[in-house]
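Visitor: I'd like to ask you about the structure that follows.
The values are calculated or read from the model by the stated rules, or taken from the named source; none is laboratory data. Just so we're clear, the structure is a prediction, and the values are computed from it rather than from any experiment. Neighbour counts are summed over all protein chains in view; Cβ atoms, including those assigned to glycine, are modelled from backbone coordinates with ideal geometry. These area figures cover heavy atoms from the full protein model, side chains too; ligands, DNA and RNA do not enter into them. Shrake-Rupley method; radii C 1.70, N 1.55, O 1.52, S 1.80 Å.
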Amino acid sequence: MSIGFTLGKFAPLHYGHQLVIDTAIAETEHVIVMIYDCPETTEVPLLVRAGWIQDLYPSVEVIQAWNGPTEVGDTPQIKQMHEEYILSILNGRKITHFFSSEFYGDHVSKALGAINRVVDEARLKFPISGTSLRANPYAYRNFISSRVYRDLVTNVVLLGAPSTGKSTLAEELAKEHDTVWMPEYGREYWEKHQDNRRLTLEQLVELAEGHLKREEVNLLDANKFLFTDTNAITTYLFSLYYHGKALSRLSELASLSHSRYDITFLCEEDIPYDNTWDRSGEVNRSIFQKQTIAELIQRKIPFYRLKGSTETRILDAKKVLKTIKKFNNFPDNFSDMVF
C-alpha cells in the first residue's frame, strides 16, 4: 500500500495546506497528517486545528504531535531533531511518499526513505502564508475554508430580558469593530408566525434552528467579532413562558449555547422600558431577567453584566473584548467575571 505523509502546524489551515493534502489523497492509498502543538505560534489549540482536518478529510489519519520540537531552521542539529521525532512518532510505519511545499521535504523524505513529493513550492496557486493569515484572517479569508474561518471569529452573545438594549448595543459594537451583527431572529419569526401572540412548541424549535442557520452565515461575514442578539436560551425561556415546557430539541439547542459563544454579555434592566405591542409588560421583564440570570448560573456560563447608558455599556464591553481572547477566555481580573 502506498502511504502518503505530510505535517505542519496548520495555523491556520489554508488552501495551500489543503492542496498538499488533496495531492496526497489523489496519489496515495492512505494519507497521514501530523499536526504540531505550537502555542508559541498560535493561540488556536491543537485539538481545534486537528478538528479542521478531520472534518474536511474524514479518510485522513491525523496524528497529534503534542511534544514535537519547537525549533525551526535549516541547521543539521534542527534537522536531526525533527527527523528523530517524526520517526519516533511513526514507530516503524513505512511511508512511501512525503508531501510538502517546504525546504524540509528533501531531508525528511530521505529520513523516511520516501519519495519527496514537492507540491507548488513557489506558492503560485495559493500565494498565502500562515503568518499573513494570523495577522489578519479577515483580509485573506478567500484563502481559507468556511469550516476554518468560522472558528477564528469570536462569537459574542448579548442576553437579557426584552427591552434591555441588546439590539442597540449589538449594532453599536459592530460599528465600533467594523464588523457585522446578528439581529434577533426570534422577533422576525414571531411577527410572521405568531397566533394570538403565541408560537407553538414546534415553531419555537424552528425559530431556534433558523437563528443558528442565519448566525452561521453571519460568522462567515464577520471581522474578528460577531455580535449576536440573543440565543437558544432565550427561546427556551419563552417556551417555558408560553407552554410551561420545551421540546427536547429546543432543550438540546439551549444546552449547546454553553460552548457555542465565546463571550456572554448580560444587558441589565436599568434602562426605561419600551412598552411596544409585542411585549408583555415591565413586570414580566423583571421576571424574565431573573430567569435569564438563573439559567446562566445553572448552566455554569460565565457572563459580564453591562449597565448604564449605551455609551457606558460600549466602553465596558470594549474593555472586556480587549482583555479576552477567543481561545484564552479568562480575564486578568477574575472579580470582573460572574460565574
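Visitor: Within the accessible area of the range 106-226, what % is carbon and sulfur when the probe is 1.4 Å and the other protein chains stay in place? The partial results should precede the final answer.
Guide: Values: 2790 of 5900 Å².
About 47 percent, which is the carbon plus sulfur part of the accessible surface.
Visitor: How big is the gap, in Å, between the Cα center of the range 200-276 and the Cα center of the range 98-127?
Guide: Spelled out, the Cα-based centre of one part sits 47 Å from the other.
Visitor: Over the range 1-149, what relative contact order in percent results from Cα pairs under 8 Å that are six or more residues apart? Provide the component values of the computation, followed by the final result.
Guide: Values: 225 pairs, mean separation 41.9, N = 149.
Relative contact order of the range 1-149: 28 percent.
Visitor: Per-residue ellipticity at 222 nm for the chain, helices alone: DSSP H runs ≥ 4 residues times -39500 (n - 2.57), over residue total, nearest 500 deg cm²/dmol?
Guide: On the way: 13 runs with 157 residues, N = 339.
Result for the chain, helices only: -14500 deg cm²/dmol.
Visitor: Give, to the nearest whole percent, the P(r) tail of the chain beyond 29 angstrom, counting all Cα pairs.
Guide: Taking all Cα-Cα pairs of the chain, the fraction more than 29 Å apart is 49 percent.
Visitor: Tell me whether the range 1-78 comes out rounded, prolate or oblate; compute the Cα gyration tensor, take square roots of the eigenvalues as a ≥ b ≥ c, and use a/c under 1.5 as the rounded threshold.
Guide: Numbers: a/c = 1.95, a/b = 1.34, b/c = 1.45.
Verdict is oblate for the range 1-78.
Visitor: Further question on the same structure: Hey, got a sec? Which trypsin sites (Lys or Arg not before Pro) in the range 204-233 land in a DSSP loop and have at most 10 other Cβ atoms within 10 Å?
Guide: Details: sites: 213, 214, 224; in loops: 224.
Sparse-neighbourhood loop trypsin sites (Lys or Arg not before Pro): none present.
Visitor: Any idea how far apart residue 91 and residue 194 come out in nm if each label point goes 7 Å out from Cα toward Cβ?
Guide: So the label points at residue 91 and residue 194 sit 6.1 nm apart.
Visitor: What are the aspartates and glutamates whose alpha-carbon lies under 15 Å from the alpha-carbon of residue 326, with same-chain residues fewer than 8 places away excluded?
Guide: List returned: 43, 151, 262.
Visitor: Right, something else. If one computes the Cα centroid of the range 128-176 and of the range 49-87, what distance in Å separates the two points?
Guide: 29
Visitor: Could you calculate the contour length gain from residue 249 to residue 54, that is, 0.36 nm times the residue separation minus the distance between their Cα atoms, to one decimal place in nm? The partial results should precede the final answer.
Guide: Working: separation 195, 0.36 × 195 = 70.20 nm, distance 2.63 nm.
Gain on extension, residue 249 to residue 54, equals 67.6 nm.
Visitor: Just by accessible area at a 1.4 angstrom probe, what is the order of 325, 192, 166 from largest to smallest? Provide the component values of the computation, followed by the final result.
Guide: On the way: 325 95, 192 145, 166 15 Å².
My answer, sorted largest first, is 192, 325, 166.
Visitor: Under 26 Å between alpha carbons, and skipping anything fewer than 8 positions from residue 79 in its own chain: which lysines qualify?
Guide: Here the lysines satisfying the reach criterion relative to residue 79 are 9, 94, 110.
Visitor: Eigenvalues of the Cα gyration tensor times 5, then square-rooted: what semi-axes does that give for the range 193-308, in whole angstrom, largest first?
Guide: Values: eigenvalues 91, 78, 46 Å².
Semi-axis lengths for the range 193-308 are 21, 20, 15 Å.
Visitor: I would also like to ask the following. Any idea what the relative contact order of the chain is, in percent, if you count C-alpha pairs under 8 Å spaced at least 6 apart? All intermediate terms of the calculation are to be shown ahead of the outcome.
Guide: Details: 520 pairs, mean separation 52.5, N = 339.
Normalised by residue count, the contact order of the chain is 15 percent.
Visitor: Sequence-distant or interchain residues sharing an amide H contact under 5 Å with residue 182, placed H: which?
Guide: 227, 228, 229
Visitor: Please compute the contact order of the range 1-87 in relative form: average sequence separation of alpha-carbon pairs under 8 Å and at least six residues apart, divided by the residue count, as a percent. The partial results should precede the final answer.
Guide: Numbers: 110 pairs, mean separation 23.3, N = 87.
About 27 percent, as a whole number.
Visitor: Further question: Counting residues in the range 82-221 as N, plug N into 2.2 N^0.38 Å and put the Cα Rg over that result. Intermediate results must be reported in sequence, preceding the final value.
Guide: Working: Rg = 24.4 Å, N = 140, 2.2 N^0.38 = 14.4 Å.
The range 82-221 yields a ratio of 1.70.
Visitor: Nearest 5 percent is fine: what portion of the DSSP beta bridges confined to the chain is antiparallel? Spell out each step's value before the answer.
Guide: Details: 4 of 35 bridges.
Taking every DSSP beta bridge with both residues in the chain, the antiparallel ones total about 10 percent.
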